[in-house]
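Colleague: The structure under discussion is supplied below as structure tokens; questions concerning it will follow.
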Amino acid sequence: MQLIDSIVTQAASIAAVRRDIHAHPELCFEEVRTADLVAAKLTEWGIPIHRGMGTTGLVGIVHGRDGGACGRAIGLRADMDALPMQEHNRFEHASRHAGKMHACGHDGHTAMLLAAAQHFARHREFDGTVYLIFQPAEEGGGGAREMIKDGLFERFPMDAVFGMHNWPGMPVGSFAASAGPVMASSNEFRITIRGKGAHAALPHNGIDPVPVACQMVQAFQTIITRNKKPVDAGVISVTMIHTGEATNVVPSSCEIQGTVRTFTFEVLDLIERRMQEIAEHTCAAFGASCEFQFRRNYPPTVNHPAETAFAREVLAGIIGAERVLDQEPTMGAEDFAYMLQQRPGCYLFIANGDGDHRAMGHGDGPCTLHNPNYDFNDDLIPLGATFWVRLAEQWLARSHAGGERP
């Protein structure tokens, strides 16, 4: 494993920063303390910053030895926000704020990019510019979208953008990166069925929305099994059904909520259209009516082939080709998708291990994402930062040479 010595030397101090962020989690668009800490570190290292992108996001600007004159640029992105959940770990750096926790490793993502920034500030062994993107509100707030709305790519023109997420369960020292869809779109639906309330002993006097909901939920699965192509991925999950207040009352309404996940907009269009048709016609068949709402949140995260191949090549030079794995697509969602819609790039995964790094003082349970016993593995900081540095150096060197840009 070819790690950068200066990054390894400073890893403990960056890990301390990571643990400080973990102990003080902030939810989407509330990352004021975290952004202040990042800004203070970048300023200490002589890196100019621009704040207020997407409310609490910031961008660090590192020009190479040519002062950025060649015009080439690459963007490296880390997310900063935490999740609204209670932490169960008992180690010293556990969350100090009830109901808030870094359960997805965004504290570690920020730390890895800070470690790379510290090296860039002292070793500008490249021509061009590296933009360090510290993004807010990945967990449902669409912080990437908001930074783009605030002119991220106009103010900081870059040829490509890359993001990285830790992935529990893979052995430490490995990465995964694949071209094409790697994470799904995230969408929500809410269907309100309007019936007619009645006494439960006299159901013929009403229109019961409960059997309507049951028929509807069952019928939705035929979209997956009979309407879309079997080779296309799609998931409809009904996760909430709310109705009724008493056992002897036929309710007048019933609400169904859930999510839809797909890897393509074509499948998403099909599912949304068929769900609305099924909802409306099922209600009509029972004499009820419905209100159908479908909200599209994050689009699919789709990696660009050339940029993914380039990232894999860089990784092979650091850890060996045998440790560069293919990433199995997941139905989880990621708002880095918005950035990949605007610029070519790749979203890859760094292995977080199986939780052995929590040997002392952690709670019971697995070290998986969005779990109250999760913690980022600080051993990844020098490895992730080394990748960021080598990726930027080699990208800018290759593109600056002309002709052979990825």
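The values are calculated or read from the model by the stated rules, or taken from the named source; none is laboratory data. Remember, it's a predicted structure, so these values are computed and weren't measured experimentally. Counting neighbours? That spans all protein chains shown, and the Cβs are built from the backbone with ideal geometry, glycine included.
Colleague: May I ask you to list the residues in the stretch 325-378 that are more than 23 Å from residue 88 (Cβ to Cβ), in a loop (DSSP other than H, G, I, E, B) and in contact with a Gly (Cβ under 6 Å, 6 or more places away or on another chain)?
Modeller: 335
Colleague: Scan the stretch 333-352 and report the pairs whose first residue is free of Cβ contacts under 8 Å to residues at least 40 places away in the same chain and whose second residue is hydrophobic (A, V, I, L, M, F, W, C), with Cβ atoms within less than 9 Å and a gap of 6+ or a chain change.
Modeller: Taking only residues 6 or more apart or on different chains, not a single pair turns up.
Colleague: Within the group 1, 85, which residue is surrounded by fewer than 23 Cβ atoms within 10 Å (Cβ to Cβ) and in contact with a strand residue (DSSP E or B) (Cβ under 7 Å, 6 or more places away or on another chain)?
Modeller: Working: 1 fails: in contact with a strand residue (DSSP E or B) (Cβ under 7 Å, 6 or more places away or on another chain).
Selected residue: 85, the only one of 1, 85 that is surrounded by fewer than 23 Cβ atoms within 10 Å (Cβ to Cβ) and in contact with a strand residue (DSSP E or B) (Cβ under 7 Å, 6 or more places away or on another chain).
Colleague: What pairs come out if I take residues in the stretch 303-315 that are assigned by TED's automatic domain parsing to the domain that holds residue 176 and pair them with residues that are among the basic types (Lys, Arg) whose C-beta lies under 6 Å away, six or more apart or interchain?
Modeller: From the stretch 303-315, the pairs are 314/390.
Colleague: Moving on. Tally up the residues in the stretch 283-309 that are over 30 Å from residue 218 (Cα atoms) and buried (at least 23 other Cβ atoms within 10 Å of the Cβ), please.
Modeller: Of the residues in that region, 3 qualify.
Colleague: Give the stretch 140-151 a look and list any residue that's in contact with a helix residue (DSSP H, G or I) (Cβ under 8 Å, 6 or more places away or on another chain) and on the phi < 0 side of the Ramachandran plot, or say none.
Modeller: If the condition is that a residue be in contact with a helix residue (DSSP H, G or I) (Cβ under 8 Å, 6 or more places away or on another chain) and on the phi < 0 side of the Ramachandran plot, then 144, 145, 148 are the ones that fit.
Colleague: Just checking, does the stretch 138-147 include any residue being buried (at least 22 other Cβ atoms within 10 Å of the Cβ) and under 26 Å from residue 9 (Cα atoms)?
Modeller: no
Condition check ((1) closer than 21 Å to residue 265 by Cα; (2) outside any loop (DSSP other than H, G, I, E, B)) across all residues:
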{"residue": "126", "(1), (2)": "no, no"}
{"residue": "132", "(1), (2)": "no, yes"}
{"residue": "137", "(1), (2)": "no, no"}
{"residue": "147", "(1), (2)": "no, yes"}
{"residue": "154", "(1), (2)": "no, yes"}
{"residue": "162", "(1), (2)": "no, yes"}
{"residue": "182", "(1), (2)": "yes, yes"}
{"residue": "191", "(1), (2)": "no, yes"}
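Residue-wise test of (1) hydrophobic (A, V, I, L, M, F, W, C); (2) closer than 30 Å to residue 396 by Cα; (3) assigned to a strand (DSSP E or B).
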residue: 214; (1), (2), (3): yes, no, no
residue: 229; (1), (2), (3): no, no, no
residue: 247; (1), (2), (3): no, no, no
residue: 255; (1), (2), (3): no, no, yes
residue: 276; (1), (2), (3): no, no, no
residue: 284; (1), (2), (3): yes, no, no
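Colleague: Give the residues of the stretch 265-284 that are within 14 Å of residue 233 (Cα to Cα) and out of contact with any Ser or Thr (no Cβ under 6 Å at 6 or more places or on another chain), sorted by residue number.
Modeller: The answer is 265, 266, 267, 269, 270, 271.
Colleague: Does residue 351 fit the bill of being modelled with pLDDT of 95 or more, of a type outside the set (D, E, K, R) and either surrounded by fewer than 15 Cβ atoms within 10 Å (Cβ to Cβ) or in the same structural domain as residue 254 (by TED's automatic domain parsing) (or both)?
Modeller: Criteria not met by residue 351.
Colleague: Out of the stretch 40-57, which residues are part of a strand (DSSP E or B) and at positive phi?
Modeller: The answer is 52, and nothing else.
Colleague: Next question. Does the stretch 286-324 hold any residues that are of a type in the set (A, V, I, L, M, F, W, C) and outside any helix (DSSP H, G or I), and which are they?
Modeller: Residues satisfying the conditions are 288, 290, 292, 294, 302, 324.
Colleague: Also, quick follow-up: Select, from 146, 138, the only residue that is touching a Ser or Thr at 6+ places or on another chain (Cβ under 7 Å) and more than 24 Å from residue 6 (Cα to Cα).
Modeller: 146
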